[in-house]
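Structure first, then comments.
The values are calculated or read from the model by the stated rules, or taken from the named source; none is laboratory data. Please read all numbers here as calculations on a predicted model, not as lab measurements. With ideal geometry, Cβ positions are generated from the backbone for all residues, glycine too; neighbour counts draw on all protein chains shown. Each accessible area value is taken on the protein alone, full model and side chains, heavy atoms only, with ligands, DNA and RNA left out. Shrake-Rupley method; radii C 1.70, N 1.55, O 1.52, S 1.80 Å.
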Amino acid sequence: MVKLTCASSFWALPASIRPLFRSPHLVLSCRRYASKDVSPGALTIGGHSYPIDSWTNVPPNILAQYGRKLHVQSDHPLSITRQLIASRFPSFRNHDSLPGVVTVEQNFDSLGFTPDHPGRNRTDTYYINQSTLLRTHTSAHEVDVFRANESDGYTISADVYRRDAVDKSHYPIFHQMEGALTWDRKAFASSEACIQQITKDFEALPKHPLVVEDPNPTYQPSNPLQTQYHSPEEAEILAKHLKRSLEDMVVTIFAEADKGLAAAGHRSKSEDEPLKVRWVEAFFPHTSPSWELEVWWQGDWLEVLGCGVIDQPLLIRAGQPDRIGWAFGLGLERLAMLLFGIPDIRLFWSTDKRFLSQFSEDGPIRRFQPFSKHPAAPRDVSFWLPKTDAPIITNTPATASTAASPAGGQPTEPSTSDQAPPAFHENDLMEIARNVAGDSVEDVTLIDDFTHPKKQRRSLCYRITYRSLERTLTTEEANRMHDHITRELIEKYRVEIR
């Protein structure tokens with residue numbers, strides 16, 4: 001349940017998104033967007049009340065989805081994918097219901113994010129107030145879980161939130177899953193005894209018929225050993241255990257995917273070519289050495305997950321200096337789209353029975369069968385930006401919401417500049433489009449960026465594609481949403497429509 005309350009003002013809700021507030025998770029008693037000038041008030045999310053302030057930027061359409069928990073919803077493809085992964089780690093403790101509201105300390109500080117890191121910006125993150133936000137990655141819980149020390153191995157699966165691009169593979173709410181396994185050096189008489197135990201555990205792991213490409217040494221200057229904390233022998237056996245464990249998981253997932261293809265009458269290319277994987281050196285902020293795991297499937301290399309030997313300073317911050325281990329992270333949507341052949345990330349949020357009835361936890365993987373195809377309704381909006389010395393941010397790379405990252409984390413490198421807050425940020429347009437059109441907006445793409453040679457005025461043109469997944473939008477509906485977005489741009493950013 002999400003409840004919005006406000007002392008003396010109302011949320012200015014567009015008529016086109018008022019149906020969102022029929023959601024059983026949301027009660028509306030306030031009608032004013034939390035922007036740079038926020039009136040005194042509070043948000044009640046998940047039964048807890050949070051004060052709002054000048055940092056508050058989480059919109060009603062995001063709050064309306066809070067608490068859906070698709071990753072644990074019976075017979076949902078995200079939940080089926082999560083269970084398939086968890087089945088390969090039967091001794092792990094699974095954390096599947098951790099709250100989505102976290103502190104800045106949990107989400108950023110505990111993981112070593114620098115104070116000027118761009119991920120902290122309000123253009124990237126949904127803030128409830130200056131010290132509280134909707135988690136941007138499952139790693140927000142990592143230090144807490146390590147500190148609790150309730151099991152040697154764990155998984156965390158959760159919904160995470162980031163302001164992001166509008167397209168078929170990105171959504172402002174998505175789902176990550178991470179896992180980690182550690183050994184306690186204090187439980188052994190010597191470092192050698194600990195290594196012997198990890199070796200014994202490695203030898204007990206299931207064998208597999210995979211073709212594995214792993215040409216690089218476990219560590220080298222480009223993928224360094226944590227020499228201050230780990231011996232070469234420790235890193236070697238941790239890497240072997242990690243890779244064998246995740247290769248076993250991949251065999252399980254893609255074997256199920258092949259069964260689904262066969263059941264749908266599609267010939268699996270793996271019938272002619274065996275499944276194979278390759279390990280690629282990578283950089284992730286909370287592991288070193290680190291790798292990405294790619295899988296050759298259906299004639300293409302697919303990036304599946306990121307992983308590595310856990311950064312020891314993270315374990316030290318969690319009060320576990322004697323533990324060593326490995327971690328991995330992945331995007332559930334990415335794997336589910338591959339497993340079930342789901343072409344559009346918006347479908348995961350559908351409540352249409354024609355979608356949900358296609359999947360079952362009790363049977364084999366079934367490929368998604370399209371139940372309708374509705375025409376797109378593209379509209380362009382072209383505008384002059386006001387003259388300003390503040391930066392204009394366009395062509396922002398989409399968040400790697402479905403990409404690999406160990407423990408679901410974000411890079412923690414500092415910002416490369418001390419720029420002032422942008423006068424216009426592309427993510428703000430994405431947010432306006434989603435607020436107005438909801439899931440009826442399919443894609444927002446910059447198609448022209450022009451600076452007048454004499455007047456030095458800058459013009460941007462975006463193509464906004466409207467398409468409902470469940471019915472055909474009328475011309476009037478598309479025009480009404482587009483006009484509303486245009487008015488919001490004029491009001492908020494003082495643009496001049498061309």
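Key figures
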{"item": "GluC sites (Glu not before Pro) lying in DSSP loop within the range 132-191, provided at most 14 other Cβ fall within 10 Å", "result": "E150"}
{"item": "The chain - mean residue ellipticity at 222 nm from DSSP helices (-39,500 (n - 2.57) per run, n ≥ 4, rounded to 500)", "result": "-7500 deg cm²/dmol"}
{"item": "Net charge, D201 excluded, C-beta distance under 12 Å - Lys, Arg +1, Asp, Glu -1", "result": "+1"}
{"item": "Inter-part distance where the range 162-204 and the range 436-498 are each reduced to a Cα centre, Å", "result": "42"}
{"item": "Spatial extent of the range 36-181: Rg and Dmax, with the Cα atoms as the point set, Å", "result": "15.9, 50"}
{"item": "Space enclosed by the convex hull of the alpha-carbon atoms of the range 278-376, per residue, Å³", "result": "186"}
{"item": "Cβ-derived FRET efficiency at R0 41 Å, A390 paired with T475, nearest 0.05", "result": "0.65"}
{"item": "The range 324-352 and the range 37-89: distance between their alpha carbon centers, rounded to Å", "result": "17"}
{"item": "Anchor K186: aspartates and glutamates whose Cα lies under 18 Å away (excluding residues fewer than 8 positions away in-chain)", "result": "E150, D152, D201, E233, E234, D322"}
{"item": "1.4 Å probe accessible area per residue over the chain, in Å²", "result": "43"}
{"item": "Candidate lysines - alpha carbon under 23 Å from K259, same-chain residues fewer than 8 apart omitted", "result": "K207, K269, K276"}
{"item": "Percent carbon-and-sulfur accessible area, the chain, ignoring ligands, DNA and RNA, probe 1.4 Å", "result": "50"}
{"item": "Cross-link partners of K168 among aspartates and glutamates (Cα-Cα below 13 Å; sequence separation of 8 or more within a chain)", "result": "E333, D344, D439, E442, D443"}
{"item": "Charge sum, other residues only, whose C-beta stays under 10 Å from R434's C-beta, Lys/Arg counted +1 and Asp/Glu -1", "result": "-2"}
{"item": "Neighbourhood net charge (10 Å Cβ-Cβ; Lys/Arg +1, Asp/Glu -1) for V212", "result": "+1"}
{"item": "Rounded tilt (10° steps) of 232-263 against the dominant C-alpha axis of the chain", "result": "60"}
{"item": "Relative contact order %, the chain, counting alpha carbon pairs below 8 Å whose residues are six or more apart", "result": "16"}
{"item": "Antiparallel bridges, percent of DSSP beta bridges restricted to the chain (to nearest 5)", "result": "85"}
{"item": "Extension reserve of the E150-A263 stretch, reckoned as 0.36 nm per residue once the Cα distance is removed", "result": "36.6 nm"}
{"item": "Ellipsoid equivalent to the range 190-296 - semi-axes via the Cα gyration tensor, in Å", "result": "32, 16, 10"}
{"item": "Cα radius of gyration and Dmax for the chain (Å)", "result": "23.8, 77"}
{"item": "Per DSSP, loop trypsin sites (Lys or Arg not before Pro) in the range 179-247 with at most 12 further Cβ within 10 Å", "result": "K207"}
{"item": "Hydrodynamic radius (Kirkwood) for the range 199-240, which is based on Cα pairs only, to one decimal in Å", "result": "12.1"}
